[in-house]
Amino acid sequence: MESLVSETRTPIRIGDRSTSDVVVRIRTQEGRDDWFYCHSQVLIEKSKYFADRLSENWPTCQILDSRNCVEVYCQESEFDHHVSVLRLLYNVIDGFVDDMWHGVKNALGILQVAVNLGCPQIITACVDYLEAVPWEESEEEEILKIIPRLGTQVEPILARLLPVKQSAIMGIFFSTIRFATSSPPPIMNDLKSSAQEQLEYMLTEDDDAPLLAADDEIKSEVKDCVKRLFERFNNLLEALLCEMELFSDGGKMQSFQSLLSDLSWACQILCKLEIMRELVCNWTDASDKIVKVVKEASPTAELIETKLRVIEVAAKILEAIGYGTVILPSAKRLHMVKVWLPFVRVAKPLIDSVTTARDDAPTLKMDSELWQSLESTFVSVILALPSAEQAEILSEWLGNEHIQYPDLTEAFEVWCYRSKVSKRRLSFLAVNHDKINTY
């Protein structure tokens, strides 16, 4: 049977009482009751629900003014969506009604009604629209609540939210870690910072498991990338040691700070993956050069920030040593204390003077817990050294003008206690020595 639309030169329209042969009443429990003059041919052709209601087998079909009457009950919140579906039955042509959705939320409401009324053309048009347009966060949450219960026909909407293959995740991770540890032009710094943030997020376990497991392939790639990053840092150190006047150049200073920031970030990634050792060893070996470069640099406004960036990395390296994440011989641990303790206690007052300066002074972004954490780390590293070396460090600290920071009182108290009770606590060693000597 040809459609009524094709039988008339003028397209039929909803609400055209002169050609209507069916009334659709949309009603709510709150008493809302609107009548719409429709055409059975359109309703039957485009909606399974109306096709069933207008069939000869439907027992409750009523006659009103020589017209069939179909009542549709809905919630008040769904009323406007039902009206929209009725209108769309007259307008959807091959799924193209791009200008009629009025946003994601409205399209979702229409889609639910279209599914309930069995309107395949409207469903297709809705799915195409929702699959293509951007969503706000609240809309995305609403979609996740609604779409899964509407059946397979609407699943294409969720395509952008579906889990991807592990190989795709690995590909993204490798590309991101390479970019995040590179040295692009300064104009790309924001992009690199974003890449670093997302890498951290991928590896963090929060309400959800990490995006990818830290297997050997991941660890190997991260170690290679950080190794290349440190090589660039070390090459710059060597250049600055050879020609110290170059450090007054703003470009060199900016490059130095950028590499320090990258190394500070890399420490966090390496800690998550439990592969800090190589960076700790490299930084330990380079510590003398790092301190020398910063100490001998031309004094500039940026130098204070450079010192802070150096201390941020040193703090993370010392923390890995102090709490046993990376095991180093006592000679190297002692060396780290002797290099970084004098540097930190001299740098802190200078950095504090800037961070607490007047409003128009340049401000430094620093972790408020940095100094406290670093102080605790020094105590931990010192207390793990042989007692004679502890005594040497503590003697120097007690006679230093910067005795207030780092405050090594805890280390001093523990050393005093250990030293006083050592003969009694370790008397068995002397006994054993005597026994050995008798043989």
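The values are calculated or read from the model by the stated rules, or taken from the named source; none is laboratory data. Predicted model only: the values in this text are computed from it and were never measured. Don't worry about glycine lacking a Cβ; one is built from the backbone with ideal geometry, like all the others, and counts go over all protein chains shown. The area values use the complete protein model at the heavy-atom level, side chains included, leaving out ligands, DNA and RNA. Shrake-Rupley method; radii C 1.70, N 1.55, O 1.52, S 1.80 Å.
3J(HN,Hα) along the range 313-329: 5, 4, 4, 6, 5, 5, 4, 4, 6, x, 10, x, 5, 10, 9, 10, x Hz, from the Karplus curve 6.51 cos²θ - 1.76 cosθ + 1.60 with θ = phi - 60°, whole Hz, x for Gly and Pro. Once the Cα atoms are used to define both axes, helix 370-383 deviates from the longest principal axis of the chain by about 50 degrees. Taking the chain as a Gaussian network of alpha-carbon nodes connected by springs under 10 Å, the highest mean-square fluctuation of the residues ALA314, ALA125, ALA266 belongs to ALA125. Residues whose amide H lies under 5 Å from that of VAL72, counting only those 5 or more places away or on a different chain, are ARG25, ILE26, ARG27; hydrogens are built 1.01 Å from N in the peptide plane. What the chain shows is 56 Å² of accessible area per residue, with the surface traced by a 1.4 Å probe over protein heavy atoms. 3J(HN,Hα) along the range 176-184: 6, 5, 5, 5, 5, 9, 8, 10, x Hz, from the Karplus curve 6.51 cos²θ - 1.76 cosθ + 1.60 with θ = phi - 60°, whole Hz, x for Gly and Pro. Relative contact order, whole percent, for the range 22-158 stands at 22, derived from Cα pairs under 8 Å and 6 or more residues apart.
Anything over 24 Å Cα to Cα? Flag those among LYS219/LYS348; LYS227/LYS289; LYS105/LYS192; LYS223/LYS295, in the order listed. Flagged as over cut-off: LYS219/LYS348; LYS105/LYS192; LYS223/LYS295.
Each Cα pair under 8 Å and six or more residues apart adds its sequence gap; the mean of these over the residue count of the chain is a relative contact order of 8 percent.
Return the calculated 222 nm mean residue ellipticity for the chain, to the nearest 500 deg cm²/dmol, obtained by summing -39500 (n - 2.57) across DSSP H runs with n ≥ 4 and dividing by the residue count. Before the final figure, lay out the partial values.
Details: 18 runs with 269 residues, N = 439.
It comes out at -20000 deg cm²/dmol, rounded to the nearest 500.
Near the amide H of THR204, within less than 5 Å, lie the amide hydrogens of LEU211, all on another chain or at least 5 residues away, with H placed in the peptide plane.
For VAL326, the residues whose amide H sits under 5 Å from its own are ILE321, ignoring neighbours fewer than 5 places away on the same chain, with H placed 1.01 Å from N. Give me the net charge for the shell around ASP288: Cβ to Cβ below 14 angstrom, other residues only, Lys and Arg +1, Asp and Glu -1. Residues near ASP288 contribute +2 overall. Of the peptides 315-324, 139-148, 203-212, the ranking by mean beta-carbon count within 10 Å, highest at the top, reads 315-324, 139-148, 203-212.
Each of (i) 4, 16, 21, 18, 17, 15, 8, 1; (ii) 4, 20, 30, 26, 14, 5, 1, 0; (iii) 4, 15, 18, 13, 10, 10, 10, 9, 7, 3, 1, 0, 0 is a candidate for P(r) over Cα pairs in 10 Å bins from 0, in percent; the one calculated from this structure is (iii). For the range 119-129, the Karplus equation 6.51 cos²θ - 1.76 cosθ + 1.60, evaluated at θ = phi - 60°, returns couplings of 10, x, 5, 5, 4, 4, 5, 5, 4, 4, 5 Hz by residue, with Gly and Pro reported as x. Taking Cα atoms only, the orientation of helix 79-89 departs from the longest principal axis of the chain by about 70 degrees. For the chain, DSSP calls about 55 percent of its internal beta bridges antiparallel. Give me the percent of accessible area attributable to carbon and sulfur for the range 214-430, probe 1.4 angstrom. Here it works out to 51 percent. With a ≥ b ≥ c the root eigenvalues of the C-alpha gyration tensor of the range 214-430, is it rounded (a/c under 1.5), prolate (a/b larger than b/c) or oblate? Verdict is oblate for the range 214-430. Working from label points 7 Å from Cα in the Cα-to-Cβ sense, the SER387 to LEU158 distance is 6.7 nm. Of the solvent-accessible surface of the range 22-158, computed with a 1.4 Å probe over protein heavy atoms with every protein chain present, carbon and sulfur atoms account for 47 percent.
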